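As structure tokens, the structure follows; a few thoughts come after it.
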Amino acid sequence: MKKTTTKLADGRELIYYDADDAAVRDAADPRPLEPTTALSEIRRDPATGDWVTVAAHRQGRIYHPPADECPLCPSRDGRLSEVPASDYDVVVFENRFPALSTDAVAHITGSDDPLRTRAPGAGRCEVVCFTAEHDSSFADLTEAKAGLVLEAWTDRTAELSALPGVQQVFCFENRGAEIGVTLAHPHGQIYAFPFAAPRTVKMIAEAAIHRERTGRNLFEDLVATEQADSERVVLAGEHWTAFVPFAARWPYEVHLYPNRRVADLTRLGPAERAEFPAVYLELLRRFDRLFAEDGAGTGTAPKAQTAPTPYIAAWHQAPAQLGEELALHLELFTIRRTVGKLKFLAGVESGMDAFVNDVSPEAAAQRLREVAS
Ligand SMILES: [Zn+2]
């Protein structure tokens, strides 16, 4: 793998990850771009302890441009995009409209008042383009290309964790217009948070209780229990295990853990890295098949009309502080319940953080095994 770090016209970093060690990345960005300043702040909810990012500067961002203006496609035929090169393997660049930025430190004053705790929205937001092919998806990648994306995620985790003030690096993909994705090009994002995310804080608290009660690590016990029980196991590799969690919140939700507990992507060994692409691509392809066959046989809904499954893929990595009990894992879930029906976060979920799931986790696991390749 070859990594080449360059700068866009407005000073943002852009990084190429190439499979070919001889790749030359010297294309300049000729666009007349003015540097933007991100002035977000983070506020701690005094009632829940959750951090909220207030990024009121982001209202002017691009919304659903036509495909021939895609900012994530390579720059070709006189059309200039965010990527100056005419082709690429995997590329990462700083978001032009970031929710978090190290710029904020110079402009926002913090406060330790317990009822008014606030701090600069220091951190970084990056875009990861998985492929130069606009009409593709992560599930269409070759294993080699998916492995290159893993290398990019790993490198970004190492580099962003080292930035001053960064507490947790979150790599994720939102896929599908139903999730609110504004660009169809296959891509994900990385947020370098100046705090541990609320869901992570809850996991750390549960792990501490489990340690106190049993003397053992929560996540090691969790994975071992699911493996032994196997009712909710969806896919068992030599180094990775995917299962539907016991108390799944979403209609179809899979958690993927390395069998050996590690804190973050940088701690994965060669064997785990080598197996990951095949396992993850298989999970994504099963997600795409989940609803494709529902219309078959009913005579009403031709399956060709079924849109690709919208999903969120979220890497959970240990934060810098208090994260020693956490286990690296990926949570993959879809908001689609059945063909044409989405699960919305309405009063019960949005109002109270209390989920009602209409699909039993055991039935979801069974379905996810049925659609295996
Ligand atoms: Zn594109």
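The values are calculated or read from the model by the stated rules, or taken from the named source; none is laboratory data. Keep in mind that what you see is a predicted model, and the values were worked out from it rather than measured. We place every Cβ from the backbone using ideal geometry, glycine too, and count neighbours over all the protein chains shown. In case anyone asks, the SASA skips ligands and DNA or RNA and just uses the protein heavy atoms, side chains included. Shrake-Rupley method; radii C 1.70, N 1.55, O 1.52, S 1.80 Å.
Helix by helix through the chain, keep the DSSP H runs that span 20 Å or more along the axis on Cα and average at least -1.0 on Kyte-Doolittle, and give those back in order. Intermediate results must be reported in sequence, preceding the final value.
Numbers: long enough: 143-161 (27 Å, -0.16); 198-214 (24 Å, -0.59); 270-289 (30 Å, -0.49).
The qualifying helices are 143-161, 198-214, 270-289.
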*Out of 72, 265, 218, any idea which swings most in a Gaussian network model of the chain, alpha carbons joined below 10 Å?*
218
*asked:* Which order do you get for 341, 202, 145 if you rank them by accessible area with a 1.4 Å probe, largest at the top?
replied: 202, 341, 145
*Over region 167-209, with every protein chain in place, what whole percent of the accessible area is carbon and sulfur at 1.4 Å, could you tell me?*
62 percent
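Given axes a ≥ b ≥ c from the Cα gyration tensor, I'd like to know whether region 136-264 is rounded (a/c under 1.5), prolate (a/b larger than b/c) or oblate. Please list the in-between numbers first.
Details: a/c = 1.68, a/b = 1.24, b/c = 1.35.
Since a/c reaches 1.5 but b/c is at least a/b, the shape of region 136-264 is classed as oblate.
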*Name the shape class, rounded, prolate or oblate, that the alpha-carbon gyration tensor gives for the chain, where a ≥ b ≥ c are the square roots of its eigenvalues, rounded holds for a/c under 1.5, and otherwise prolate holds if a/b is larger than b/c and oblate otherwise.*
rounded
*Using a simple charge model, +1 on the beta-carbon of Lys and Arg, -1 on the beta-carbon of Asp and Glu, nothing else, what dipole does region 185-259 show about its Cα centre, in debye to the nearest 20?*
320 debye
_Accessible surface, region 47-193, averaged per residue in Å² (probe 1.4 Å)_ = 45 Å²
*Identify, among 148, 203, 223, the residue whose Cα sits farthest towards the positive end of the charge dipole of the chain, taking +1 on the Cβ of Lys and Arg and -1 on the Cβ of Asp and Glu, with the dipole about the Cα centre.*
203
*Based on the alpha-carbon gyration tensor of region 320-373 and its eigenvalue square roots a ≥ b ≥ c, which shape applies: rounded if a/c is under 1.5, prolate if not and a/b is larger than b/c, or oblate?*
oblate
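Once R0 is set to 22 Å, what does the formula 1/(1 + (r/R0)^6) return for the Cβ-Cβ distance between residue 48 and residue 344, expressed as a FRET efficiency to the nearest 0.05? Mind dumping the intermediate values first?
Details: r = 22 Å, r/R0 = 1.00.
After rounding to 0.05, the efficiency reads 0.50.
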_Give me the one-decimal nm value for the distance between modelled label points at residue 142 and residue 358, 7 Å along each residue's Cα-to-Cβ direction._
4.2 nm
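To the nearest 20 debye, what charge dipole does the chain have about its Cα centre, counting +1 at the Cβ of each Lys and Arg and -1 at the Cβ of each Asp and Glu? Provide the component values of the computation, followed by the final result.
Details: 40 positive and 55 negative charges, 137 e Å.
The dipole magnitude comes to about 660 debye.
Which value, in nm² and rounded to one decimal, describes the direction-averaged projected area of the C-alpha convex hull of region 1-152? Don't skip to the end; give the middle numbers.
On the way: hull surface 44.7 nm².
Averaging across all directions leaves 11.2 nm² for the Cα convex hull.
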_Could you identify which residue out of 334, 48, 157 has the top mean-square fluctuation in a GNM of the chain using Cα springs shorter than 10 Å?_
48
*Would you please name the chymotrypsin sites (Phe, Trp or Tyr not before Pro) within region 217-292 that are DSSP coil residues with at most 16 other C-beta atoms within 10 Å of their C-beta?*
246
*Sort 84-96, 360-372 for me by packing, meaning the mean count of neighbouring Cβ atoms within 10 Å per residue, highest on top.*
84-96, 360-372
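Rounded to the nearest 500, what is the 222 nm mean residue ellipticity of the chain from helices alone, with -39500 (n - 2.57) per DSSP H run of 4+ residues and division by all residues? Can you show the working numbers first?
On the way: 5 runs with 78 residues, N = 373.
Here the helix-only value at 222 nm equals -7000 deg cm²/dmol.
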_Rounded to whole Å, give me the distance from the Cα center of region 150-176 to that of region 304-373._
21 Å
_From phi via Karplus (6.51, -1.76, 1.60), per-residue ³J(HN,Hα) for region 239-249 in Hz, x at Gly/Pro_ = 10, 9, 10, 10, 9, 7, x, 3, 10, 4, 8
*Rounded to a whole number, what % of the accessible area of region 64-119 do carbon and sulfur atoms account for, probe 1.4 Å?*
48 percent
_Max mean-square fluctuation residue, GNM over the chain, Cα-Cα springs under 10 Å, options 115, 256, 284_ = 115
